[in-house]
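Student: Before anything else, here's the structure in question.
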Amino acid sequence: MRGRQGRLLGHSVLLHDVTHSVELLRQVERLVTIDPQTELLTRRAFLELGERELTRARRQGFPIWLVLIDLDAFAMVKDLYGGEVGDQVLRAVASACRRLLRAFDVIGRYGGTQFVMLLPQLTREEAIDVSERLRQAVQGLTVWKDDQLISLTVTVGVAGSERAEAECLNDLLASAERALKAARRHGRNRVECNP
């Protein structure tokens, strides 16, 4: 601050505590990127991170596989046992997925009963093996409602390439969806790979 003749009288410092604003911003960011029921990436966050991972795979020329997982008969579970048990089932499946994946694999909740994973640096056979182990892990889950055991199964579609060159995430998703539909046609509770 200066006086009338321009002589320096002192300094004024104005401080604002932005701790609360920063915390609110973190909470909003978490809501946008993390699904509250499963603690997995949201669809939007998965697609953004998946595009970056696919770009890296193309640049470095390593294989990448996309796995689309759908819970079988989930609507019946919710109808019979209620939404709380449905949420418990979603959390159990998400947890089974996380246990089987590596730290750098990308996983998200793709839709109501669908989960999606991006598995870089695996061969076709390894991606199918991970998918089959996941299918078996879900089938082995024990979810109880009162004294009744709820049986769970998933149908899995796998798609990708040994060398990601011209792939785009939407192409991989469409290919995995076709594999998932084929698995449903062949009886569910199974893994199909396209191509």
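The values are calculated or read from the model by the stated rules, or taken from the named source; none is laboratory data. The model shown is predicted, which means the values in this text are computed figures rather than measured ones. When we count neighbours, we look across all protein chains shown, and the Cβ atoms used for this are built from the backbone with ideal geometry, even at glycine.
Student: Which ones in region 56-74 are touching a residue at least 24 places away in the same chain (Cβ under 8 Å) and either outside any strand (DSSP E or B) or out of contact with any strand residue (DSSP E or B) (no Cβ under 7 Å at 6 or more places or on another chain) (or both)?
Tutor: Of everything in region 56-74, those that are touching a residue at least 24 places away in the same chain (Cβ under 8 Å) and either outside any strand (DSSP E or B) or out of contact with any strand residue (DSSP E or B) (no Cβ under 7 Å at 6 or more places or on another chain) (or both) turn out to be Arg56, Ala57, Arg58, Gly61, Phe62, Pro63, Asp72, Ala73, Phe74.
Student: Right, next: Considering only region 29-68, how many residues are under 13 Å from Leu119 (Cα atoms) and not charged (D, E, K, R)?
Tutor: Matching residues across region 29-68 total 12.
Student: A further question on this structure: Could you grab me the full set of residues in region 101-119 that are surrounded by fewer than 20 Cβ atoms within 10 Å (Cβ to Cβ) and not basic (Lys, Arg)?
Tutor: Leu101, Ala103, Phe104, Asp105, Gly111, Gly112, Gln114, listed by residue number.
Student: Search region 36-55 for residues that are in a helix (DSSP H, G or I) and pair each with any residue that is among the hydroxyl-bearing types (Ser, Thr, Tyr) and modelled with pLDDT of 95 or more when their beta-carbon atoms are under 9 Å apart and the residues are at least 6 apart or on different chains.
Tutor: Between residues of region 36-55 that are in a helix (DSSP H, G or I) and residues that are among the hydroxyl-bearing types (Ser, Thr, Tyr) and modelled with pLDDT of 95 or more, the close pairs are Arg43/Tyr110; Phe46/Tyr110.
Student: Also: Pick from Arg109, Arg124, Arg135, Arg102: which is of a type in the set (Lys, Arg), without any contact (Cβ under 8 Å) to a residue 24 or more places away in the chain and at negative phi?
Tutor: Numbers: Arg109 fails: without any contact (Cβ under 8 Å) to a residue 24 or more places away in the chain; Arg124 fails: without any contact (Cβ under 8 Å) to a residue 24 or more places away in the chain; Arg135 fails: without any contact (Cβ under 8 Å) to a residue 24 or more places away in the chain.
Matching residue, one of Arg109, Arg124, Arg135, Arg102: Arg102.
Student: Among the residues of region 43-91, write down those that are surrounded by fewer than 16 Cβ atoms within 10 Å (Cβ to Cβ) and in contact with a helix residue (DSSP H, G or I) (Cβ under 8 Å, 6 or more places away or on another chain).
Tutor: Those that are surrounded by fewer than 16 Cβ atoms within 10 Å (Cβ to Cβ) and in contact with a helix residue (DSSP H, G or I) (Cβ under 8 Å, 6 or more places away or on another chain): Arg44, Glu51.
Student: Considering (1) more than 28 Å from Glu51 (Cα to Cα); (2) acidic (Asp, Glu); (3) within 22 Å of the chain's Cα centre (by Cα), say which one Glu167 fails and leave the rest.
Tutor: It is condition (1) that Glu167 fails.
Student: On the basis of being within 17 Å of the chain's Cα centre (by Cα) and surrounded by 15 or more Cβ atoms within 10 Å (Cβ to Cβ), does Arg135 make the cut?
Tutor: Considered against the rule, which asks whether it is within 17 Å of the chain's Cα centre (by Cα) and surrounded by 15 or more Cβ atoms within 10 Å (Cβ to Cβ), Arg135 comes out as yes.
Student: Give me the pairs: first residue in region 150-164 and surrounded by fewer than 23 Cβ atoms within 10 Å (Cβ to Cβ), second residue of a type in the set (Asp, Glu), beta-carbon distance under 8 Å, and six or more apart or on different chains, which are they?
Tutor: Leu152/Asp72; Thr153/Asp72; Ser161/Glu167
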